[in-house]
1. Which numbered condition in (1) modelled with pLDDT under 95; (2) among the β-branched types (V, I, T); (3) within 30 Å of P193 (Cα to Cα); (4) assigned to a helix (DSSP H, G or I) is the only one that T59 fails?
2. Output the number of residues of segment 295-312 satisfying the condition of being at pLDDT 80 or above and of a type in the set (D, E).
3. Does segment 62-92 hold any residues that are free of Cβ contacts under 8 Å to residues at least 12 places away in the same chain, of a type outside the set (F, W, Y) and assigned to a helix (DSSP H, G or I), and which are they?
4. Which fully enclosed helices (runs of 4 or more DSSP H) of segment 198-281 have 1 or more residues being at pLDDT below 90 and surrounded by fewer than 19 Cβ atoms within 10 Å (Cβ to Cβ)?
5. When you go through R124, R74, R89 one by one, which is the residue that is surrounded by fewer than 18 Cβ atoms within 10 Å (Cβ to Cβ) and basic (K, R)?
6. Name the one entry in S73, S85, S61 that is among the hydroxyl-bearing types (S, T, Y) and farther than 30 Å from K137 by Cα.
7. Of all the residues that make up segment 35-56, how many are surrounded by 19 or more Cβ atoms within 10 Å (Cβ to Cβ) and over 22 Å from L196 (Cβ atoms)?
8. Applying the selection to segment 1-56, what residues are among the charged types (D, E, K, R), assigned to a helix (DSSP H, G or I) and modelled with pLDDT of 90 or more?
Amino acid sequence: MPRKGANISLSSYDDIFETDESRADSHLEKVQKIPISELVPFKNHPFKVVDDEAMLRTTESIAQFGVLTPLISRPLEDGGYEIISGHRRAHAAEAAGLIEVPVIVRDMDDAAATVLMVDSNLQRESILPSERAFAYKMKLEAMKRQGVRTDLQEKGTSAQLGRKLETADLIGQDTGDSRNQVRRYICLTNLIPELLDMVDQKQISFNPAVELSYLTPEEQQHVIEAMDFTQAAPSLSQVQRLKKLSQEGGCTLEAMQDILGEVKKGDLERVAFKSEQLRKYFPQSYSPKQMQDTIIRLLEQWKKKRQRDQER
């Protein structure tokens, strides 16, 4: 006779006859077909999805063979799914005319989803400095929210000599970047968009860009004006001087123009003109590139004329 008040658990028909294999299978992730219209990009996704030559090749491949690697997403509270991995595949599939794509759906919190999103994209061959910068920053913040241990001993070192790993170390381990390099990339996120675009386009080198990130937004805007005025990109030593002037409160536009206008060691063999020296010869609408192209074209005509004169 059962005790009074005892809890009696009744098993369902399915529970009674469920096998170990079926129980294990129920916990496996399954690939689902989900309409592209129900997929939304990851919030603040740092990696650009552009219609370049690589995207064209991906689109052609998907049109012929379909999406071979499933996307990874997580369900949203208001409906739909947020893409964690596979933004480029989703874009290419839509361009190829597909209506739905294979997706693995996972329940993940913000921090875990961010780490997976960053890690899955950092494996790409070509990554812009701005993409790596914001990806590192997002992963750093996510790992801190997760409470990742940073008191771990570095592998291969003794307890006496080894340094303690920081979150930046853990981020760099997967990509081969040192702790300091991870931090330097994150510094780039403090650049104004115009300067960061110049870094991506290799108009400004990485090391000078890191130092420029310590200037105020207003000073950074003046850097762009000084670059246009002098038609020169700042060197590392020049930017370090600008950074010191900023700390002292004397980083004015005029000071920037003077510093960037100096002849660099590698420019001793180069003939340079300031914008105001040439601007009077061209329409106001002409960009520096148009001015340069016009000058080269006129010089070519002058060279040919000289050759004809010498042949007479």
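The values are calculated or read from the model by the stated rules, or taken from the named source; none is laboratory data. Everything numeric in this text was worked out from a predicted model, so none of it was measured. Note that we place each Cβ from the backbone using ideal geometry, even for glycine, and neighbour counts take in every protein chain shown.
1. Status for T59: all satisfied but (1).
2. 1
3. Initial filter on segment 62-92 (free of Cβ contacts under 8 Å to residues at least 12 places away in the same chain): 64-65, 68, 77-78.
From what's left, of a type outside the set (F, W, Y): 64, 68, 77-78.
Scanning segment 62-92 gives a single hit, Q64.
4. Working: elements: 206-212, 217-230, 236-248, 253-260, 275-279.
So the answer is 275-279.
5. Numbers: R74 fails: surrounded by fewer than 18 Cβ atoms within 10 Å (Cβ to Cβ); R89 fails: surrounded by fewer than 18 Cβ atoms within 10 Å (Cβ to Cβ).
One residue alone meets the criteria, R124.
6. Values: S73 fails: farther than 30 Å from K137 by Cα; S85 fails: farther than 30 Å from K137 by Cα.
When all the criteria are applied, what remains is S61.
7. So the count comes out to 1.
8. Taking segment 1-56 and keeping what is among the charged types (D, E, K, R), we get 3-4, 14-15, 18, 20-21, 23, 25, 29-30, 33, 38, 43, 48, 51-53.
Keeping just the survivors that are assigned to a helix (DSSP H, G or I) gives 14-15, 20-21, 23, 25, 38, 53.
Of everything in segment 1-56, those that are among the charged types (D, E, K, R), assigned to a helix (DSSP H, G or I) and modelled with pLDDT of 90 or more turn out to be E38, E53.
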